[in-house]
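The next block holds one structure in the form of structure tokens; read it before the comments.
The values are calculated or read from the model by the stated rules, or taken from the named source; none is laboratory data. All values reported here derive from a predicted model rather than from experimental measurement. Cβ placement follows ideal geometry from the backbone for every residue including glycine, while neighbour counts extend to all protein chains displayed. To get the accessible areas, we keep the full protein, side chains included, count just its heavy atoms, and leave off ligands, DNA and RNA. Shrake-Rupley method; radii C 1.70, N 1.55, O 1.52, S 1.80 Å.
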Amino acid sequence: MNDTTPLSALLDAYWRHASERAPSVAAALDGEARALAASGRLARALKVGDALPDVALPDAPDGRVRLPDLVRDGPLVLVFYLGRWCPFCTLELRAWQRALPRIRALGGRLVAVAPQDEREIALMRERDRLEFHMVADPANTLARCFGVAYEVAPALRDAYLSSGMGGPHDGEASGWTLPLPAAYLVGRDGRVEWTHVDANWRRRAEPAEVVARMAALTGR
């Protein structure tokens, strides 16, 4: 696979490997995704046409930088990911890094948000050579504003703990409260133009699709 390989193909390849290595975790992930989808939980997330919440970034000094400030100069891509421990998120953020030059060329900005502390953010940035803004949201403040924060079910918690694999309990300031994997494209008017929110951890927004939508939005 190369730099042009769709993110979905990379995630599917990893899932096949992970399912063989840790079938109990894979089964629990599938069960959690089905339960979340059936619960109607996804309906609480921000939708197309909704306004960007007017809240300060958790990592902004004195709360001086607020979400609407991020779209003053161009469109915003806001990505919620689970954490450094999550291999799906690693693949996703690396794909966003590859798309970053095109996003910037369109006058856009990319911000990734996770319920981690600054140390975990710094470690992930250095490990994967990520150049976009990464926000530490340890209390899930932004995730709650967007309606994507949820509590991991006991079955999945038990599967991770019994497998000996890293999981949401590793390096997370928020314990077992996580954001659903989500991506938002927000226009300069502060309104959501496009969104991807999924209960399944292995299904993420495709950066190439978001870049195409941003190009259409900016007329470039």
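Using a probe of 1.4 angstrom, how much of the accessible area of region 20-156 is carbon and sulfur, in percent? Summing carbon and sulfur atoms, their accessible area is 52 percent of the total for region 20-156. Compute the angle between helix 87-105 and the longest alpha-carbon principal axis of the chain, please, reported from 0 to 90 degrees and rounded to the nearest 10. Its long axis makes an angle of about 10 degrees.
Take the chain, connect every pair of alpha-carbon atoms lying under 10 Å apart with a spring to form a Gaussian network, then pick out the residue of Ala136, Ala33, Ala105 with the largest mean-square fluctuation. Ranking Ala136, Ala33, Ala105 by mean-square fluctuation puts Ala105 first. Computed packing ranks the peptides 85-91, 10-16, 148-154 as 85-91, 148-154, 10-16, most packed first, by mean other Cβ atoms within 10 Å.
Is the shape of region 56-154 best called rounded, prolate or oblate, per the rule: a/c under 1.5 gives rounded, else a/b larger than b/c gives prolate, else oblate, with a ≥ b ≥ c the square roots of the Cα gyration tensor eigenvalues? The shape class here is oblate. Available extension along the chain between Ala122 and Arg44 is 25.0 nm, counting 0.36 nm per residue and deducting the alpha carbon span. Applying 1/(1 + (r/R0)^6) with r as the Cβ-Cβ distance of Ala13 and Asp158 and R0 = 22 angstrom yields a FRET efficiency of 0.25.
Rolling a 1.4 Å probe across the protein heavy atoms gives region 21-87 an accessible surface of 47 Å² per residue.
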